[in-house]
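The values are calculated or read from the model by the stated rules, or taken from the named source; none is laboratory data. None of these values were measured; they are calculated from a predicted model. Quick reminder, even Gly has a Cβ in these numbers, built from the backbone with ideal geometry, and neighbours come from all protein chains shown.
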Amino acid sequence: RWNAYTKPLLVDKASGTILDGHHRYEIAKRMGLLCLPCVLVDYISDDSITIIPWPSSGRIEISKADVLEAASSGELLPPKTSRHLLSDDLPPISVPLSRLLLPAI
């Protein structure tokens, strides 16, 4: 739409787990993009990141450990199970798609 990538993925730096941006990641793969902007976080110890279950998930609670365990086991949680809340919003970006067709630096 803007011919640019405008929202980075949120990724746990210790495990490489995508915390927010799964759909953007899948679309980027289909588009043949070779790299994506990411914000790396220390997920477990960063208190500015909280997690709640989506109301439609049927879960009463979910923990950061639940998310990382699902990712490491390969048995991903169903879509819209968890919602990450950040005290600081992700920074606005505008990276041309043409740049993302090149390998990461």
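Quick one: in segment 33-58, of everything that is closer than 12 Å to Arg83 by Cα and among the hydroxyl-bearing types (Ser, Thr, Tyr), which residue is surrounded by the most Cβ atoms within 10 Å (Cβ to Cβ)?
Ser57
What is the one condition in (1) touching a His at 6+ places or on another chain (Cβ under 7 Å); (2) under 16 Å from Pro8 (Cβ atoms); (3) not basic (Lys, Arg) that Ile51 does not satisfy?
(2)
From Lys80, Lys64, grab the single residue that is basic (Lys, Arg), within 14 Å of Asp20 (Cα to Cα) and touching a residue at least 24 places away in the same chain (Cβ under 8 Å).
Selected residue: Lys80, the only one of Lys80, Lys64 that is basic (Lys, Arg), within 14 Å of Asp20 (Cα to Cα) and touching a residue at least 24 places away in the same chain (Cβ under 8 Å).
Within the group Ser57, Ser73, Ser45, which residue is of a type in the set (Ser, Thr, Tyr) and at pLDDT below 90?
Only one candidate qualifies: Ser57.
Go through segment 1-32 and give me each residue that's among the charged types (D, E, K, R) and closer than 19 Å to Thr81 by Cβ.
Answer for segment 1-32, where residues must be among the charged types (D, E, K, R) and closer than 19 Å to Thr81 by Cβ: Asp12, Asp20, Arg24, Glu26.
So, of the residues in segment 53-105 that are more than 15 Å from the chain's Cα centre (by Cα) and assigned to a strand (DSSP E or B), which turns out to be farthest from Arg30 (Cα to Cα)?
Of everything passing the filter in segment 53-105, Pro53 is farthest from Arg30 (Cα to Cα).
Mind listing just one residue for me: the one in segment 32-52 that is in a loop (DSSP other than H, G, I, E, B) and hydrophobic (A, V, I, L, M, F, W, C) and, of those, nearest to His22 (Cα to Cα)?
The qualifying residue nearest to His22 (Cα to Cα) is Leu36.
Within segment 74-99, how many residues are among the polar types (S, T, N, Q) and under 21 Å from Val41 (Cβ atoms)?
The total comes to 3.
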